[in-house]
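Quick notes on the structure that follows.
The values are calculated or read from the model by the stated rules, or taken from the named source; none is laboratory data. These figures come from a predicted structure and were not determined experimentally. Backbone-built Cβ (ideal geometry, glycine too); neighbour counts: all protein chains shown.
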Amino acid sequence: MFDRDIRVTVLGNTGVGKTTLIERIKGSKVKTLQAQKTLNMNVEEKKIRLRSSELYPWYSIEAHRKYRIVAIDNPGDYKLRRVWREVLRKFTTDGMLFLLDPKQSVVVQKNAMEDSYNYFLDSLDLNPQKADLFAKSKKYIFHFVVNKCDTFDNFSESEFTLTPSIKEKAVDFLSHFALTMDEFKRTFPRSKIGISYLSAKYSPYLDLDKLFEILKVYRYQT
């Protein structure tokens with residue numbers, strides 16, 4: 001009765017870790033995760049109670065509320081990327097998570113980010129003028145995730161920790177996409193633009209929980 005939805009489309013080039021992130025949210029153990037290529041659109045759902053619920057008194061609704069994470073996973077291969085447009089038009093979501101991989105080509109991933117920008121506008125209306133009006137008047141979530149931050153260093157622990165030096169490298173990598181991200185900000189002025197640095201495979205679950213805590217605040221408290 002009191003549960004809420006957080007609906008996001010998960011986008012990014014092939015191999016950036018979209019499916020891994022979704023599987024971790026669903027509760028899969030790190031050891032069971034295998035690299036796999038997504039060839040079709042998949043809708044995944046999972047009800048979770050965010051850790052922040054522990055901060056509320058027992059009589060608060062938020063202390064008992066669960067959030068239904070609805071994540072729409074999409075193929076990243078450029079030959080299948082047109083699926084993004086259809087998925088964005090077919091499913092109503094609060095916005096998108098866009099994943100980046102520091103070991104992949106910046107140019108290729110920048111093209112994928114630009115595609116996501118155009119396809120999201122197309123999902124609002126195929127008429128460019130109408131789409132721009134919708135973009136300026138409505139609130140969406142655009143959260144950019146630098147994934148696989150464990151690859152910046154010689155990672156050998158069971159759980160990944162984002163150290164200051166690793167975060168510095170991740171911030172430097174993300175700077176290559178600043179112009180495209182600025183375009184999101186200009187086109188969607190009322191929307192929330194966020195950034196996270198993590199390892200979908202090796203970050204502790206608490207870090208993934210924080211990601212969706214951010215999305216919860218974007219969706220329901222701003």
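Exactly one residue out of D150, D125 is surrounded by 14 or more Cβ atoms within 10 Å (Cβ to Cβ) and in contact (Cβ under 8 Å) with a residue 24 or more places away in the chain: that is D150. In the condition set (1) over 13 Å from the mean Cα position of the chain (by Cα); (2) modelled with pLDDT under 85, P57 is compliant with all but (2). The condition of being farther than 15 Å from V8 by Cβ and either in contact (Cβ under 8 Å) with a residue 24 or more places away in the chain or loosely packed, with under 14 Cβ neighbours inside 10 Å (or both) holds for D115. One residue stands out among those in segment 9-30 that are in contact with a helix residue (DSSP H, G or I) (Cβ under 7 Å, 6 or more places away or on another chain) and at pLDDT 85 or above: the one that is farthest from K103 (Cα to Cα), which is T9. The conditions of being on the phi < 0 side of the Ramachandran plot, modelled with pLDDT of 80 or more and assigned to a helix (DSSP H, G or I) are not met by V87.
Exactly one residue out of L162, L179 is of a type outside the set (D, E, K, R) and assigned to a loop (DSSP other than H, G, I, E, B), and it is L162.
Being surrounded by fewer than 17 Cβ atoms within 10 Å (Cβ to Cβ), out of contact with any strand residue (DSSP E or B) (no Cβ under 8 Å at 6 or more places or on another chain), more than 19 Å from I25 (Cα to Cα) and at pLDDT 90 or above is the requirement here; does S105 meet it?
Answer is yes for this residue.
Residues in segment 136-159 that are among the aromatic types (F, W, Y), over 24 Å from Y218 (Cα atoms) and not in a loop (DSSP other than H, G, I, E, B): F152 alone.
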